[in-house]
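Structure first, then comments.
Each reported figure results from applying straightforward, stated rules to the coordinates on display, with no laboratory input. Just so we're clear, the structure is a prediction, and the values are computed from it rather than from any experiment. As a convention, Cβ positions derive from the backbone with ideal geometry for all residues, glycine included, and neighbour counts pool all protein chains shown.
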């Protein structure tokens with residue numbers, strides 16, 4: 001079985017400002033077989049600093065995530081939740097998302113089959129990418 005790279009992100013929502021636009025965008029990626037969701041947990045820190053975590057089916061605000069296809073659960077631990085919660089400001093929240101890049105599975109298999117190994121990887125922050133592309137376009 002080919003397995004694509006597995007990635008994670010932590011998306012913060014200062015002051016708990018969450019519009020719900022993420023669920024339909026994520027559903028489109030799943031429908032297009034770009035990604036497969038492996039785990040999704042929401043973490044919040046209340047105004048006194050207590051940390052709580054929620055699965056998508058535990059809060060009405062998160063119900064749009066219930067329709068997402070995937071094998072959600074089991075990859076994120078209590079330690080992951082505590083780590084993210086410790087970084088949150090009181091009165092804010094975050095989503096922890098783990099997914100498999102299905103689009104990259106054939107390429108990843110080709111790299112492994114050719115004897116290649118991943119030496120390093122990372123993400124370029126959006127702000128830096130915008131700046132770099134603007135410089136390139138300006139010539």
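Roughly how tilted is helix 78-87, in degrees to the nearest 10 and between 0 and 90, from the longest Cα axis of the chain?
Around 80 degrees separate the two axes.
To the nearest 10 degrees, how steep is helix 126-138 against the longest Cα principal axis of the chain, on a 0 to 90 scale?
With rounding to tens, the tilt is 40 degrees.
Helix-derived [θ] at 222 nm for the chain: sum -39500 (n - 2.57) over DSSP H runs of at least 4, divide by residue count, nearest 500? If you can, show how the numbers build up before the last one.
Values: 4 runs with 42 residues, N = 139.
So the helix-based figure for the chain works out to -9000 deg cm²/dmol.
For residue 77, put the label point 7 Å out on the Cα→Cβ axis and report which residues of region 26-43 keep their amide N under 19 Å from it.
38-43
Report, please, the projected area of the chain averaged over directions, based on the convex hull of its C-alpha atoms, in nm². The partial results should precede the final answer.
Working: hull surface 44.9 nm².
Taking a quarter of the hull surface, the average projection is 11.2 nm².
Which order do the peptides 81-91, 15-25 come out in when sorted by mean C-beta neighbours inside 10 angstrom, highest first?
Values: 81-91: 14.7, 15-25: 11.0.
The densest-packed peptide leads the list: 81-91, 15-25.
Can you tell me the orientation of helix 22-31 relative to the chain, as the angle in degrees between its alpha-carbon axis and the longest Cα principal axis, to the nearest 10?
40 degrees
Along the Cα→Cβ direction, 7 angstrom out, place labels at residue 103 and residue 119. What is the inter-label distance in nm?
Computed distance between label sites residue 103 and residue 119 equals 2.6 nm.
Residue 16 to residue 127: FRET efficiency via 1/(1 + (r/R0)^6), r the Cβ-Cβ distance, R0 30 Å, to the nearest 0.05? Provide the component values of the computation, followed by the final result.
On the way: r = 23 Å, r/R0 = 0.77.
So the FRET efficiency works out to roughly 0.80.
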